[in-house]
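Accompanying notes for the structure given below.
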Amino acid sequence: MTNSFYPPRRTLMGPGPSDVSPRVLGALSRPTIGHLDPLFVQLMDEIKELLQYAFQTDNELTLPVSAPGSAGMEACFVNLVSPGDKVIVCQNGVFGGRMKENVERCGATAVMVEDNWGEPVGIDKVATAFEQHPDAAILAFVHAETSTGVRSDAAALCALATEHNALSIVDTVTSLGGIEVKVDDWGADAVYSGTQKCLSCVPGIAPVTFSERAVARINDRSHKVQSWFLDMQLVMGYWGGSSKRAYHHTAPVNDLYALHESLLMLQEEGLEAAHRRHRHNHQALVAGLGAMGLAMAVAPEYRLPQLNSVLIPEGVDDGLVRSALLQEFDLEIGAGLGALAGKTWRIGLMGYASNERNVITCLNALEAVLARQGAPITTGAALDAAQAVFRG
Ligand SMILES: *Cc1c(COP(=O)(O)O)cnc(C)c1O
């Protein structure tokens, strides 16, 4: 006999999905209505406006793609990249590698600018790449590299693209809601995100926004977009500004209730307050980890407050620690990826999960598990150090 599935109540402090707000889970269970119902169309308009606020943009073409963050990435590439184009792709972690895959599958050439995992994208290297490839049509980079916990300078990178007459594609899957994302101020052209990191929402939706320059490029295409589902010209017929909406696909109605609720929460809190909260909880976590004797993997000036890469102490069994946290404390943290596999843990403090209780829970649980393993840590100091930040 197969029974209904009742998941345990975990604390999600990995690289995403992160804890979903109960308000958002509540919205998810409201009655499903038709995706062309006039009330749903009204909801779509509100989502668009709330997304414009989250992205800090006036871009008309701002909407949630009905699929996860990776589909947001793909939507930006397949619509803007044409066969034969040259695209400068920055890689300083996992996700830059996926951008390269996207470029090549569009029949274009990727000019790679590589930086060490754990370091930001090198602005000078990108400038050099533009000098060597003045015909580059697009610059693509990841603002917040979730695989390492590093923030790159999006404003400077977008400015370089504009200066060289190229469009920019920016991954803000982990940044949106957690740190400053200013699409219009940056002059970014195609920006995508996800719902399950700092938006406190369920996975499966990808907010995207396209500048006027990007829309012009899409309208000028001589080749059809290779993906029917992600072709923005078709999607615009459903999500577009006019009151007449044509069926393209069935929107994930309840997921969009959830997104609407989570974006409303972000607007109620205010972007700056949300960023401040992420920063504050990050500082408390880092103080606690430091007092325990654990070191961070990323230099302070590039650290993401929402994704904390911690160096695993010598002789500690990575897998054993993570499974003990999960089994005994219902606490999920992330493993290191690629070059950092087995060397780091990734502790997320994203969206709704970025709170004082989670910081304390994580420090307590980690200390208990590490002490039992005989790891070289200082016990009994982490909570005071975190509390000093919270009360300070
Ligand atoms: C999580 C993530 C993605 C992919 O999002 P999915 O929803 O898993 O498809 C892309 N880029 C970055 C930086 C991410 O953190």
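Quick look at the values:
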| quantity | calculated |
| --- | --- |
| Subset of segment 56-93 (residues that are closer than 20 Å to Ala251 by Cβ, among the aliphatic types (A, V, I, L, M) and part of a loop (DSSP other than H, G, I, E, B)) | Ala67 |
| Hits in segment 318-330 - residues which are of a type outside the set (A, V, I, L, M, F, W, C) and either modelled with pLDDT under 95 or buried (at least 17 other Cβ atoms within 10 Å of the Cβ) (or both) | Arg322 |
| Conditions (1) on the phi > 0 side of the Ramachandran plot; (2) modelled with pLDDT under 95; (3) surrounded by 14 or more Cβ atoms within 10 Å (Cβ to Cβ); number of the one not met by Gly338 | (3) |
| Top-ranked residue of segment 121-145 - restricted to ones that are surrounded by fewer than 20 Cβ atoms within 10 Å (Cβ to Cβ) and of a type in the set (Val, Ile, Thr), ranked as farthest from the ligand (Cβ to nearest atom) | Thr128 |
| Residue list for segment 44-74, restricted to those being more than 10 Å from the ligand (Cβ to nearest atom) and in contact with a Phe, Trp or Tyr (Cβ under 7 Å, 6 or more places away or on another chain) | Met44, Asn59, Leu61, Thr62, Leu63 |
| Criterion violated by Leu234 - all others in (1) in a loop (DSSP other than H, G, I, E, B); (2) surrounded by fewer than 20 Cβ atoms within 10 Å (Cβ to Cβ); (3) out of contact with any Gly (no Cβ under 6 Å at 6 or more places or on another chain) satisfied | (1) |
| Residues within segment 33-46 that are surrounded by fewer than 12 Cβ atoms within 10 Å (Cβ to Cβ) and under 29 Å from the mean Cα position of the chain (by Cα), tallied | 1 |
| Unique match (being modelled with pLDDT under 95 and either of a type in the set (S, T, N, Q) or away from the ligand (no atom under 16 Å from the Cβ) (or both)) among Arg213, Arg217, Arg245 | Arg245 |
| Yes/no for Ile47 being of a type in the set (A, V, I, L, M), assigned to a loop (DSSP other than H, G, I, E, B) and not assigned by TED's automatic domain parsing to the domain that holds Leu285 | no |
| Within segment 349-392, considering residues that are among the polar types (S, T, N, Q) and touching a strand residue (DSSP E or B) at 6+ places or on another chain (Cβ under 7 Å), the one nearest to Val316 (Cα to Cα) | Thr361 |
| Members of segment 208-231 found to be among the polar types (S, T, N, Q) and surrounded by 12 or more Cβ atoms within 10 Å (Cβ to Cβ), listed by number | Thr209, Ser211, Gln226, Ser227 |
| Conditions (1) more than 16 Å from the ligand (Cβ to nearest atom); (2) out of contact with any Cys (no Cβ under 9 Å at 6 or more places or on another chain); number of the one not met by Leu12 | (1) |
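Per-residue answers, yes or no, for (1) on the phi > 0 side of the Ramachandran plot; (2) among the small types (Gly, Ala, Ser):
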| residue | (1), (2) |
| --- | --- |
| Ser66 | no, yes |
| Phe77 | no, no |
| Val81 | no, no |
| Gly84 | yes, yes |
| Phe95 | no, no |
| Glu104 | no, no |
| Val111 | no, no |
| Glu114 | no, no |
| Val121 | no, no |
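To keep it simple, each residue is scored yes or no on (1) free of Cβ contacts under 8 Å to residues at least 12 places away in the same chain; (2) among the aliphatic types (A, V, I, L, M); (3) not assigned by TED's automatic domain parsing to the domain that holds Val208.
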{"position": "Ala251", "(1), (2), (3)": "no, yes, no"}
{"position": "Tyr257", "(1), (2), (3)": "no, no, no"}
{"position": "Ser262", "(1), (2), (3)": "no, no, no"}
{"position": "His275", "(1), (2), (3)": "no, no, yes"}
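The values are calculated or read from the model by the stated rules, or taken from the named source; none is laboratory data. Nothing here was measured: the structure is a model prediction, and the numbers come from that model. FYI the Cβ positions are ideal-geometry reconstructions off the backbone, even for glycines, and counts take in every protein chain you see.
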